Amino acid sequence: MSNPVAFQPAVLEGVLERITYANDENGYTVARVDTGRGGDLLTVVGSLLGAQVGESLRMEGRWGSHPQYGKQFTVENYTTVLPATIQGIRRYLGSGLIKGIGPKIAERIVDHFGTDTLDVIETEPKRLIEVPGLGPKRTKMIGVAWEEQKAIKEVMVFLQGVGVSTSIAVRIYKKYEDASISVVRNQPYRLAADVWGIGFLTADKIAQAVGIPHDSPERVKAGLQYALSQSTDQGHCFLPEEQLISDAVKLLAVDTGLVIECLAELAADEEGVVREQVPGPDGGEPVTAVYLVPFHRAELSLAGQLRRLLTTGDDRMPAFQDVAWDKALAWLADRTGAKLAPEQEAAVKLALTSKVAVLTGGPGCGKSFTVRSIVELARAKKAEVVLAAPTGRAAKRLAELTGAEASTVHRLLELKPGGDAAYDKDRPLDADLVVVDEASMLDLLLANKLVKAVAPGAHLLLVGDVDQLPSVGAGEVLRDLLADGGPVPSVRLTRIFRQAQQSGVITNAHRINTGLPPITSGLPDFFLFVEEETEDAGRVTVDVAARRIPAKFGLDPRRDVQVLAPMHRGPAGAGTLNGLLQQAITPARPDLPEKRFGGRVFRVGDKVTQIRNNYEKGRNGVFNGTVGVVTALHVDDQRLTVLTDEDEEVPYDFDELDELAHAYAVTIHRSQGSEYPAVVIPVTTGAWMMLQRNLLYTAVTRAKKLVVLVGSRKAIGQAVRTVSAGRRCTGLAHRLAV
């Protein structure tokens with residue numbers, strides 16, 4: 001029989017010394033506290049949501065024992081107690097809790113005010129100017145940060161019962177400030193729409209805690225919109241009505257009748273959803289499509305804008321309508337030192353005479369040289385050429401290739417906070433020819449913004465490999481534009497050039513794309529390390545990327561080598577590999593400042609990626625997939641700086657770090673549009689559901705010089721055999737064909 005004494009409630013007071021682990025989703029924390037009685041630090045576990053290192057805590061809970069870690073205290077509830085001793089105050093202020101105060105300044109303040117320090121900051125913050133070396137600017141900053149911290153704490157305490165993570169509580173406060181508690185209590189489902197990082201499930205948990213009924217129409221409507229928004233995250237622009245209803249019934253556990261009623265109410269609301277009949281897949285029976293409003297608008301708009309460009313009588317490059325092509329192409333060959341193949345010639349003529357055109361083809365088929373030729377000829381006729389690509393890396397590559405400036409699509413359009421573009425239909429780009437590379441990455445919303453900004457009479461050329469994975473965002477724009485019977489003309493390059501045939505990377509990319517297994521022996525640039533077990537594959541992947549490739553090929557493990565994983569989870573997933581690669585490439589050092597955030601630790605030198613579109617950051621926003629390196633980390637100012645692959649320095653406050661993830665390893669989806677000298681790809685049976693031909697093909701085509709696969713032949717065979725199941729739900733091809 002168990003000992004009932006072990007479960008009696010107990011109270012423990014102590015100073016939070018360090019957080020060993022924190023789950024950002026549910027606030028579960030493992031920490032060490034100093035009880036002030038001498039001896040070792042004690043381990044405490046439980047929801048310590050919002051508690052900061054250096055704070056004195058009064059914790060209620062129970063004592064227990066862990067087989068590995070020994071005696072520990074499980075926290076069920078805690079309150080912050082302001083420290084009373086000089087040493088406690090110094091530690092508390094020096095912990096980085098208040099922006100503007102680091103250990104040295106904390107020392108000075110406490111030396112000056114002693115045990116009255118916290119009272120002074122609370123009631124007379126202007127007096128801080130008495131402290132040597134504290135100017136009015138920093139004094140004011142400390143006062144504001146103290147007040148904000150107090151207000152956030154209040155929201156934290158309220159949210160603690162609902163298990164909302166620290167970072168999300170901070171976001172709620174930043175969004176609604178003094179109205180935070182009122183919104184959470186009365187309109188919890190607003191959070192899912194308004195606050196990044198809160199989905200329907202978190203909002204639903206909060207709603208339940210504040211007493212909103214399970215079958216409330218407000219809950220059902222929010223659930224329907226969540227189900228649609230989840231489907232856009234998976235690439236769909238709409239869901240068939242029957243599927244949406246069944247998804248919502250499963251998600252919400254309510255009657256089908258109630259879901260149908262609420263869907264009808266949403267369809268009647270201008271800002272709710274749009275229902276429309278569209279042709280079924282492959283021209284089958286029509287289906288009732290349900291769209292979120294922004295996606296329906298964007299699809300209609302994109303189709304309309306493309307038709308407008310195709311049918312306009314204006315032409316901003318009229319010289320090419322009656323050019324002597326023999327002379328023009330001979331001049332071009334003389335200038336570039338190489339003659340175009342017949343299909344490349346066709347692409348050049350098409351781009352310069354058609355208002356909208358698509359150029360597609362695999363690696364080594366001469367897409368880049370064709371683009372360079374198009375740009376050279378357009379410039380020779382004094383045309384204004386604008387070049388763009390969806391990512392910073394792809395834009396840099398396009399600039400190197402053409403010798404002209406290229407930018408990301410976001411920067412080209414000068415997107416502003418809120419996502420509106422400075423260039424649109426009313427203020428188009430001053431360009432005669434707009435060339436967009438890596439167009440397979442264009443999702444519906446971005447493609448719509450881009451096409452709107454092309455002036456009537458200008459030419460738009462979209463260049464990309466349609467066999468790669470479709471965009472991370474909703475839609476498959478490039479594939480829809482290439483659909484049979486559509487109005488957009490295109491050229492597909494298929495001939496692999498002789499020099500490209502000598503590359504194992506290019507040869508194997510084409511083998512994979514036609515359903516043949518890659519050749520993995522006897523090539524100088526394509527290798528396979530056979531590891532049957534997923535854990536072993538993860539370990540070897542790290543060893544290859546961090547040590548073996550740098551040693552054998554002289555490549556920099558951070559800048560030149562990229563690990564590309566089929567999925568995020570699992571022992572060979574990007575999440576686990578990032579932790580191991582960070583230990584190998586940017587390990588902790590006593591002289592290196594670091595910041596622990598949730599389950600991650602950020603250090604100077606870390607390779608990181610932005611994981612959401614944030615229109616408020618940087619000069620023109622920082623977008624999902626932007627990669628950079630941490631160049632500075634200031635504990636006092638609670639801020640780190642990232643130098644992005646577009647050479648922009650972007651500051652991140654510590655409470656914004658949930659927007660950053662490490663990027664030593666990324667999922668193959670996130671690598672689109674980027675090229676790396678070497679890629680290492682774990683291909684294991686642990687990722688069985690993800691293994692598809694276009695996934696492996698996309699990963700291999702990211703490499704310029706070297707590919708190393710790590711895993712089992714069985715998993716590689718599965719990937720090569722499996723053609724991606726089913727198209728995305730989009731209506732663009734149908735709208736263009738009408």
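The values are calculated or read from the model by the stated rules, or taken from the named source; none is laboratory data. The model shown is predicted, which means the values in this text are computed figures rather than measured ones. Positions of Cβ are backbone-derived with ideal geometry, glycine not excepted, and every protein chain shown enters the neighbour counts. Protein only, heavy atoms only, side chains kept; ligands, DNA and RNA dropped before computing areas. Shrake-Rupley method; radii C 1.70, N 1.55, O 1.52, S 1.80 Å.
For GLY46, nonlocal amide neighbours, meaning residues 5 or more places apart or on other chains whose placed amide H falls under 5 Å from its own, are THR29, VAL75.
Sorting the segments 555-561, 59-65 by their mean number of nearby beta carbons within 10 angstrom, highest to lowest, gives 555-561, 59-65.
Remark: the TYR28-ARG492 segment gains 161.7 nm on full extension, using 0.36 nm per residue and subtracting the alpha carbon distance. Here the label points at ALA267 and ASP314, each 7 Å from Cα along the C-beta direction, are separated by 4.0 nm in the simple model. The dipole here belongs to the stretch 307-361: it is taken about the Cα centre, uses +1 on the Cβ of Lys and Arg and -1 on the Cβ of Asp and Glu, and is about 220 debye. Put the Cα centre of the stretch 457-475 next to the Cα centre of the stretch 492-543 and the gap is 25 Å.
Does anything in the stretch 421-439 have its amide N under 19 Å from the 7 Å Cα→Cβ label point of GLU405, and if so which residues? Zone members listed by number: 422-424, 428-437. Projecting the Cα positions of GLY473, MET441, LEU523 onto the charge dipole of the chain (unit charges on Cβ atoms of Lys, Arg, Asp and Glu, taken about the Cα centre) puts LEU523 furthest along the positive direction.
Looking at the stretch 368-427, the trypsin sites (Lys or Arg not before Pro) that sit in a DSSP loop and have at most 13 other Cβ atoms within 10 Å of their own Cβ are LYS382.
Length gained on full extension, ARG612 to LYS425, computed as 0.36 nm times the residue gap minus the Cα-Cα distance: 64.7 nm. Ordered from highest to lowest accessible area with the whole protein assembly present and a 1.4 Å probe, CYS262, CYS729 read as CYS729, CYS262. Between SER712 and GLU531, VAL683, THR685, the built amide H atoms are under 5 Å apart, and every one of these is 5 or more places off in sequence or on another chain. Checking the Cα-Cα distances for LYS339/LYS425; LYS104/LYS126; LYS367/LYS452; LYS140/LYS174; LYS425/LYS617; LYS137/LYS595 against a 29 Å cut-off, the pairs over it are LYS339/LYS425. The phi torsions of the stretch 31-47, fed into the Karplus equation with coefficients 6.51, -1.76 and 1.60 and a -60° offset, translate into couplings of 9, 10, 10, 9, 8, x, 9, x, x, 6, 6, 9, 8, 10, 10, x, 7 Hz, rounded to whole numbers, with Gly and Pro shown as x. Accessible area ranking (1.4 Å probe, heavy atoms, ligands and nucleic acids excluded), largest first, for THR514, THR117: THR514, THR117.
The 3J(HN,Hα) values that the Karplus relation (6.51, -1.76, 1.60; θ = phi - 60°) gives for the stretch 108-120 are, in residue order, 5, 5, 5, 4, 7, 9, x, 6, 7, 3, 5, 4, 4 Hz. Gly and Pro appear as x.
For the stretch 617-738, averaging the sequence separation of C-alpha pairs within contact (under 8 Å, six or more residues apart) and dividing by the residue count gives a relative contact order of 18 percent. Projecting the Cα positions of LEU134, ALA203, PHE113 onto the charge dipole of the stretch 70-215 (unit charges on Cβ atoms of Lys, Arg, Asp and Glu, taken about the Cα centre) puts LEU134 furthest along the positive direction. Each Lys and Arg Cβ is given +1 and each Asp and Glu Cβ -1; about its Cα centre, the stretch 579-738 then shows a dipole of about 1340 debye. Each peptide in 478-484, 266-272, 629-635 was scored by the mean count of other Cβ atoms within 10 Å over its residues; highest first, the order is 478-484, 629-635, 266-272.
Note on the stretch 635-684: Cα Rg divided by 2.2 N^0.38 Å, N the number of residues, gives 1.47.
Straightening the chain between TYR21 and SER229 buys 71.7 nm, computed as 0.36 nm per residue apart minus the Cα-Cα spacing. Using a probe of 1.4 Å, the accessible surface attributed to PHE529 totals some 60 Å² when neighbouring protein chains are kept in position. Using the average count of surrounding beta-carbon atoms within 10 Å as a protection proxy, the listed peptides 454-467, 234-247, 644-657 rank, highest first, as 454-467, 234-247, 644-657.
Can you tell me the FRET efficiency between PHE553 and LYS174 if r is taken as the Cβ-Cβ distance and R0 is 45 Å, rounded to the nearest 0.05? Efficiency at R0 = 45 Å is approximately 0.50.
For the stretch 369-382, putting each phi into the Karplus relation 6.51 cos²θ - 1.76 cosθ + 1.60 with θ = phi - 60° gives couplings of 5, 5, 4, 4, 5, 4, 5, 4, 5, 4, 5, 4, 9, 6 Hz, in residue order, rounded to whole numbers and with x for Gly and Pro.
Mean separation of Cα pairs under 8 Å and 6 or more residues apart, divided by the residue count, gives the chain a relative contact order of 11 percent. Taking the inverse of the mean 1/r over every pair of distinct Cα atoms in the chain gives a Kirkwood hydrodynamic radius of 28.8 Å. The heavy atoms of THR722 present about 40 square angstrom of accessible area, all protein chains included, probe 1.4 Å. Dipole size of the chain about its Cα centre, with +1 on Lys/Arg Cβ and -1 on Asp/Glu Cβ: approximately 1960 debye, rounded to the nearest 20. In the stretch 273-430, the C-alpha radius of gyration followed by the widest Cα-Cα span (Dmax) gives 19.1, 57 angstrom.
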